[in-house]
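In what follows, a structure is listed as structure tokens, so that the remarks can point back to it.
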Amino acid sequence: MPADLDPRLLSMLVCPVTKGPLEYDREAQELRSPRAHLAFPIRDGIPIMLPEEARPLTD
């Protein structure tokens with residue numbers, strides 16, 4: 001079962017590409033940037049905020 005991301009941490013994080021807000025997907029364990037169309041993985045409870053580690057979001 002995926003762990004929840006600390007809401008305080010989520011409120012401080014922004015997309016490294018657009019500096020815009022992120023959306024937390026608990027099931028997929030990733031942070032999504034709608035503006036950049038990227039999803040950043042969360043591994044062992046740690047958000048990996050490197051653009052080269054992100055996967056592209058598809059519509």
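What follows is calculated from the coordinates using simple rules that are stated; it is not laboratory data. The structure displayed is predicted, hence computed values, not measured ones. Note: ideal-geometry Cβ built from the backbone for every residue, glycine included; neighbour counts use all protein chains shown.
Summary of computed values
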quantity	calculated
Loop trypsin sites (Lys or Arg not before Pro), the chain (other Cβ atoms within 10 Å of the site Cβ: 11 or fewer; DSSP)	Lys19
Dipole-positive endmost among Ile42, Gly20, Thr58 within the chain (Cβ charges, Cα centre)	Gly20
Cα-centred dipole magnitude for the range 7-56, charges only on beta-carbon of K, R (+1) and D, E (-1), debye, nearest 20	200 debye
The range 7-56 - convex hull of alpha carbons, volume per residue in Å³	68 Å³
Taking Thr58, Thr18 and counting other C-beta atoms within 10 Å, the order from fewest to most	Thr58, Thr18
